[in-house]
Structure formats: structure tokens, C-alpha cells
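S.K.: Just passing along the structure, written as C-alpha cells.
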């Protein structure tokens, strides 16, 4: 099959997912989670397009409670699927690893393999986990800060199959779109073939609107393909003019003595400005401060560079 025929297959799969959602309702009595049904349905369809079932695999970052990983695995039980997650975020009770393991067992998804590591460490040493396989379908749904998104795209490059498809989830976030755009501009061999968005985050939608977009591309997706022949036109996600100001703010925050307390400090600011619960916000800030007080107290009030131990100068050892 030629590359143009493959692109047509990918675009047709997107259209089918947009129209019909999931390929089937296998595992619906076990699986749950927050993801658009069109998004999961697209992952299932894209894996169905893979011709070489032995030397390729499916890979995702951000397993959460296993909805996407296991939906793909049970739809294609002969195809090897990997999910990367160290369950360090969105897991306040520490339950998600056990939930994924239990669901994997109940669904008999023996082809689903969990890589329980930080995503960056896992991708830097991915061959230790997937062997000689290449990644045919790569789903990014982990931490949505700019750097995490961009590093996922950069680090996966050596492991991608020549006909790989990359799906970037939660593209409603401006920093996700910015990282995707920056990657596309600096790596012109990749092209975006589809983007879809919802009017806002699920937490901020009314019930009817949320239900509509849960059936589709909840909180946005960007779909990328490798296009070495430059067949496809350039299409870039829109980015926000305020993004650069926010990145400067990020630099200002990171050098501050209390950088890690930014979320709690913003909650306190919101309570002060909007007449919220100041006592609760103050207590949470104080609790977070007390947890790492020796570290905070060891820093300067501002312009902390975290450069201790760096060499004054160093040359390469090449001769």
C-alpha cells in the first residue's frame, strides 16, 4: 500500500470514529473513565489498520484507570499494547494502579502491559520495555504542561514506525496546542491531519454539553502522521497570544523561593479576590509550606538558579 492510500485510511478511520464512536462495547461493564468515545474509537480503528502485527505495537502515556489502553487491547487481543504511567498525578488515594491491574485481570487482557515509570525515563529507555518493536499508534494523555507534551513528541521519534500515527489528547489546553505547533514547525516531516475541540474542560460544561462531547472528542485532540514525501498540506493548531506572557510568568515563578507553592498561592489569591474560603486556602498553603520548609528556607528570596555543583567550564573529551 502506498503512503497516500495509508493517509486516506487514517482519515477514513477518523471519520468513522467521529460518526460512530467506539468500535464495540466490549468491556463496558468493567471499564470507566473520562475520555471521548470518538477518541477511544479512533485508537481502536488505527490499531486495526496496522499490517505488521508482530514487529509493531501500541503505546500510550497516561493510563489513569485503563480505559483507553484496555479498550484497544481487548479489541485487538493479538496485538501488543503498552501503557506508561507512574500514577503520580490524578490519583489522590493511590488507587489507580490497583484499578488498572484489576480491570486487566477481569478483562483477560494479557496483551496489555503496564510500564510503571515516569514517562520521560520510560521513553528514554523504551527498548528495555518494547524490545525491537516500533510504535505504530502513539497516544499522549499524560501530564499536560508544555514541557511534558513536547518531550513526549521528541523522545518517541526514534521508536516510531514509518507509518505511525500520533494522537495528542486534551488539545483544548493552550500549552498542549503550543507544544504540538512547536513540534510540527520544527519537524516538518510530521503533519497534522485532524483537530477537534470541545467548548471547554468537562468540569466547566453543563451536563447536556458534556454528554455531547463525551460521545466525541472530549477536551480536544490533534492527530499527526509522518509525511516524509511532503504529500499533505501544512495544518497547525491555533495558539493563544497570551501564551508567551504565561511562559514568562513560569520563568518568574520557577526562580522564586516558594515556586512549588504556586498552585496553593493562586488558590489563596482567588479566595481573597472573589470572597472565597480564605481560611481553608490559607491552611492548605501553610500545610504545603510545612511539608518542605527546610528546602524553602534554604533558598534565596528570588533568582534561585539551582546551579550548585555545575562546572565553571568543561570541554568535550573528544580528541
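Quick note: the coordinates plus some simple rules give every number you see, no bench work behind them. Bear in mind that the values here come from a model prediction, so they are computed numbers and not experimental data. As a convention, Cβ positions derive from the backbone with ideal geometry for all residues, glycine included, and neighbour counts pool all protein chains shown.
S.K.: Helix-derived [θ] at 222 nm for the chain: sum -39500 (n - 2.57) over DSSP H runs of at least 4, divide by residue count, nearest 500?
M.R.: Mean residue ellipticity at 222 nm (helix-derived): -13000 deg cm²/dmol.
S.K.: Give the shape of the range 75-131 as rounded, prolate or oblate, defined through the alpha-carbon gyration tensor: a ≥ b ≥ c are the square roots of its eigenvalues, a/c under 1.5 means rounded, and otherwise the shape is prolate if a/b is larger than b/c and oblate if not.
M.R.: Because a/c hits 1.5 or more and a/b fails to exceed b/c, the range 75-131 counts as oblate.
S.K.: Does anyone have the angle between helix 146-156 and the longest principal axis of the chain? Alpha-carbon axes, 0 to 90°, nearest 10?
M.R.: For helix 146-156, the angle is close to 40 degrees.
S.K.: Alpha carbon centre of the range 1-75 versus the range 233-256: separation in Å?
M.R.: When both Cα centres are located, 31 Å separates them.
S.K.: Using a ≥ b ≥ c from the Cα gyration tensor of the range 255-297 (square roots of the eigenvalues), is it rounded, prolate or oblate, where a/c under 1.5 gives rounded and otherwise the larger of a/b and b/c decides, a/b for prolate?
M.R.: Here the range 255-297 falls in the oblate category.
S.K.: Ok, one more. If you count, for each residue, the other Cβ atoms within 10 Å and average over each peptide, how do 278-289, 178-189 line up from highest to lowest?
M.R.: 178-189, 278-289
S.K.: Please sort 250-261, 303-314, 87-98 by packing, taking for each peptide the average over its residues of neighbouring beta carbons within 10 angstrom, highest first.
M.R.: For the peptides 250-261, 303-314, 87-98, the packing ranking is 250-261, 87-98, 303-314.
S.K.: Of all DSSP beta bridges located in the chain, what percent are antiparallel, nearest 5?
M.R.: If we restrict to bridges inside the chain, about 35 percent are antiparallel.
S.K.: Please work out the Cα center distance from the range 168-230 to the range 93-127, rounded to the nearest Å.
M.R.: Each part's Cα centre sits 24 Å from the other's.
S.K.: Another one. Report the full-extension gain for the segment residue 186 to residue 16: residue separation times 0.36 nm, less the Cα-Cα distance, to one decimal in nm.
M.R.: Taking residue 186 through residue 16 to full extension adds about 58.1 nm, to one decimal.
S.K.: Mind pulling the angle between the C-alpha long axis of helix 174-186 and the longest principal axis of the chain? Nearest 10 degrees, somewhere in 0 to 90.
M.R.: The answer is roughly 60 degrees.
S.K.: How much length, in nm to one decimal, is gained on full extension between residue 230 and residue 5, taken as 0.36 nm per residue of separation minus their Cα-Cα distance?
M.R.: Stretched out fully, the residue 230 to residue 5 stretch lengthens by 79.6 nm.
S.K.: Taking the highest mean first, how do the peptides 152-164, 53-65 order by number of other beta carbon atoms within 10 angstrom per residue?
M.R.: 53-65, 152-164
S.K.: Moving on. Taking the 0 to 90 degree range and rounding to the nearest ten, how far is the long axis of helix 3-20 tilted relative to the main principal axis of the chain, both from C-alpha atoms?
M.R.: Here the helix axis deviates by roughly 70 degrees.
S.K.: Still on this structure, please answer the following. Please work out whether the range 144-279 counts as rounded, prolate or oblate from its C-alpha gyration tensor, where a ≥ b ≥ c are the square roots of the eigenvalues and a/c under 1.5 means rounded, while otherwise a/b larger than b/c means prolate and anything else oblate?
M.R.: Oblate, since a/c reaches 1.5 and b/c is not below a/b.
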